[in-house]
Each structure stands twice: as structure tokens, then as C-alpha cells.
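Read-outs: derived from the displayed coordinates by stated rules, not from any lab. Treat the numbers as computed from the prediction; the structure is a model and nothing was measured. In this analysis, Cβ positions are derived from the backbone assuming ideal geometry, glycine residues included, and neighbour counts consider all displayed protein chains.
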């Protein structure tokens, strides 16, 4: 999935190798290699998105170079040579490569080394955000509260803040906690408020967003799933680098000053009441002219950033939890949140993942959904789809009163009435032999003929297998005796000619 996300971002965004590597959880060197392969082979996202994990792996993996060391230039000198206006790393790399083409670093490798060297230099860069590119999110350190109407105690909640990089348009709402479900739902509400999707979302390194931090952070799985649904990249801020998220730091401070400070004399008795008042104050804050140029955040958003955002998908993201299924057992039923769901029997022994929402369970093999079930709350129960079973298991499973009635309903309304009559007894299983014969007759004569014969037997008030067989045999015999070609209505028989002779 990391390789899939990296290739998706290479082919659909303008992010750098370092940014894509941080979002997908792989090294930027690997991202550069993927980019070169995609460029050389002239790949498009429409082509790559249809590949399965194995095909994607074969397309983008290549043998190692044997670990041979390459001649590296002086990075300090290279940095100094790049200072004059008009000089580019591409020109310097071409000069460097011309001396010894077979013993030099690739352009991407050299650029990565130079970037690492520059990171060690004391410098402060003023950030400029392209419209529609970045959205920064964080939680406020100050926590608002509401009063529980039953206990009269304060219930502290979390203030979630999101800020668009170019226009500084702000979103704020309170969530019960910083846990993954609340964190995800806040994102869905935020993107709906902005009415579009940026290229990159920049969270802090809280556990609901980042499982492991560092040079190649691992994005929390549900958060990565949300980003995939909206077509975004997740690029966590670097630890101890507040300048990476300066916009949201300022937005959080502004929200504390313009929103939280105005709530201090009010009392709320539910989270909904608190968020309703925050929504009013949020609109006032976004419409307030900024000191710098006298233009409001909303006006800047409408003129600068709204058109640059990507459109929202048709359906908002539905929160889902992921469950890993190490191996499909031999009974092809996998345990998900205490209930057993069937998967196609051909996947026995495979590793699967289950995506669990409030109402449904989708079981995935790679990126393909192989089973879709309505979520069940019956602990220890099982849900089985007939299409997942082998033929022998399916036949055995259908040999029950419920299975027979389900088959009879598809065969025809009169077959269903006939089957119900066979099973309508104190012990319904005693009617199964008759229903077995009924299915055998359907295979011999067809369901249409069987349904008509069942109607006639019911009209005769003799819903018995012997009656049904006799009616089907009579129908078949009558069909055999019928002439192959219809008789001409104008033809005259022997009696007519005899009468003519007598005249």
C-alpha cells in the first residue's frame, strides 16, 4: 500500500520526492527511483491504478546496483556554486557527470545529498504557500468545556483547528477527544466547510495521525485511508520544527483569542450547543478584516484559493477501523470484531484486511474488495454468502427448510406454495425429501413447467409429489404426440372426396 500511495502521489501531484516519501512512509530516494521509472516508461495514473500489488511491484522494482560507491562532489562547493542567479543544479550535475559518466551519482541522489547538507546549515526560510496546496491542522492547548446537565460537572473537550495555507481561512470545532474517530470526523466536517480538497494536509505528530515519527513517518491507517478517499497527501510536520506549521500555530492562537475568550462567560449544556456558538464566532472571525492588508480571510479565500481546491468526492468519507486477518482458515470464515464473516473459499491461507464501518464490513485482498457484509452485532455468530462456498457446501447449506424456501421462491410462486405445503408440519425437516424431489424435477422439466404443474396440483387440492410427477409426464407425452408441422386448414380429407364421388 505504501508503494501504491507513493506512485499515486508522483503521478497526480506536484509534490517533491521528500514530501511524497514523508507522506507515504518510504525514503525519498525510493520515491525518486519510482519517479524516474514512471518518466522513462511514460506511465499514467489511469494505467497504474488498475495494477494489482504484484504487478505494481514488478513494474517499479529493479535489481540493486551491487553496492558500488560513486564519486561524490564537494557539497559545500556545490552549494556555493549554486548561489549566483541563473545557476541550476541540473547544469552543475551535467558538468560533474561529463568527467566520468559511469562513476557518478544520479541527479536525484545528488539532489538528496545536497538537501541533507543544506539542512545542517543555519537558515530560516520564509514560507510561501501556493493556493490550494496545503491545509494545516492541529489541536488547541486550551480546552473549552460544557456542563453535564445531570451531574453539573464540567466536561472538557478538544478544540480542533484547520487553516488553509494561502488564504488563512480557518475552521474550528470541538470534539470529545483527540482519538482517531473524533479526529477523522473533524476532518470530514472541515473539508465540507471549505468546499474542496487541498493537495497536502499537514498534521502535527499526534498519535491519531502518525503511528511512528521520524525521517520516514508511518501514517495511521485510517488517516491514510481518509487521505486516499479525498485524493490528498499527508505530510506530517517535522518534530520540533514549529515553522513547518506556522500557519496553524497562528490559527490556533487566533481561535483562542477570537473564539475561546468570548465563550468564557457563557454556559453550555451539550457539545452541540458549544459547537453551534463556535460556528457563529468562526464566521465572524473569517469575515473580520486582517490587520496586514484590510482583507478578510474569507475574501482572500474566495478570490485566491477556492478555485484552486480540488472538488469534493461524491460521498464523504465514512469512518472505518481496520482489522488485519493474518490467514484465512479452512472454513473460509474470518473473525472481525467478534463475528465470523465468509470470504471466497479460494482465499484460504491468504492474508486479508477488514475495513469495518458502523454498518458494513468490507474484506480486502490487496486493494480489491472480495467480500461485502452487513455488520452484525451477534458475538460468536457467523454470516455466510452462498457465492463464497464450494459447490458441495452450497448444496448442503441449501438443504434446510430455509434454503429450500429460498430456492422455491426463485423457481416460481406456485412452486413456493407447493414447497411450503411439504414443510408445513411439526418437524419441517421431514419435508426435505419431497423438496429434494421437487428440485430434481426442476432440473428435468424446467422451472416454468414445474411451476405450472404445481399450480394445477394445488387447484386439484392434491399437492403431492405423485400428482406433480403425473401432471409433468402427461404434459411431456402430449408434447411428443403433437405433429411436428401444423396441418393446412385448406386441405380436404378422405370424407370430403367420398362425398364428392357420391354426388
Using a simple spin-label model with points 7 Å from Cα along the Cα→Cβ vector, what separation in nm is obtained for residue 469 and residue 448? 2.6
Residues 180, 295, sorted so that the one with the fewest Cβ neighbours within 10 Å comes first: 295, 180
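Report, in deg cm²/dmol and to the nearest 500, the calculated mean residue ellipticity at 222 nm for the chain, where each DSSP H run with n ≥ 4 adds -39500 (n - 2.57) and the sum is divided by the residue count.
On the way: 20 runs with 217 residues, N = 503.
Helix-only estimate at 222 nm: -13000 deg cm²/dmol.
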Of 369, 174, how do they rank once you tally other Cβ atoms within 10 Å and put the fewest first? 369, 174
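How large is the translational diffusion coefficient of segment 399-481 in µm² per second when you combine the Kirkwood radius over alpha carbon pairs with Stokes-Einstein at 37 °C and 0.692 mPa s?
Estimated diffusion coefficient is 261 µm²/s.
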Looking only at segment 423-464, which residues have a backbone nitrogen under 19 Å from a spot 7 Å from the Cα of residue 476 in the C-beta direction? 434-457, 464
Please report, to two decimal places, log10 I(q)/I(0) for the chain at q = 0.08 Å⁻¹ as given by the Debye formula with identical point scatterers on the Cα atoms and no solvent. -0.75
Between segment 162-195 and segment 336-370, the Cα center-to-center distance that results, in Å: 30
Given the alpha-carbon gyration tensor of segment 134-308, what are the semi-axes of its equivalent ellipsoid in whole angstrom, ordered largest first, with each equal to the square root of 5 times an eigenvalue? 25, 22, 14
Within segment 174-208, which residues have the backbone N less than 18 Å from the label spot 7 Å out from residue 262 along Cα→beta-carbon, could you tell me? 174
On each of the three principal axes of the Cα atoms of segment 282-433, give max minus min coordinate, whole Å, ordered largest first. 86, 40, 26
Need the full-extension length gain, residue 116 to residue 147, defined as separation in residues times 0.36 nm minus the C-alpha distance. One decimal, nm. 6.1 nm
Footprinting proxy, 230, 341, 139: sorted fewest to most Cβ within 10 Å, the residues are 230, 139, 341
Stretch gain in nm, segment residue 98-residue 460, where the contour uses 0.36 nm per residue and the Cα spacing is subtracted: 120.4 nm
Taking only C-alpha pairs under 8 Å that are 6+ residues apart, what is the relative contact order of the chain in percent? 10
In vacuo Debye sum over C-alpha of segment 91-238, base-10 log of normalised intensity I(q)/I(0) at q = 0.12, 0.13, 0.16 Å⁻¹, listed in q order, is -0.67, -0.74, -0.96
Linear extension gain, residue 350 paired with residue 327, 0.36 nm per residue minus alpha-carbon span: 7.8 nm
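Can you give the direction-averaged projected area of the convex hull of the alpha-carbon atoms in segment 321-391, in nm²? Don't jump to the answer; show the numbers that get you there.
Details: hull surface 17.3 nm².
Across all orientations, segment 321-391 yields a mean hull projection of 4.3 nm².
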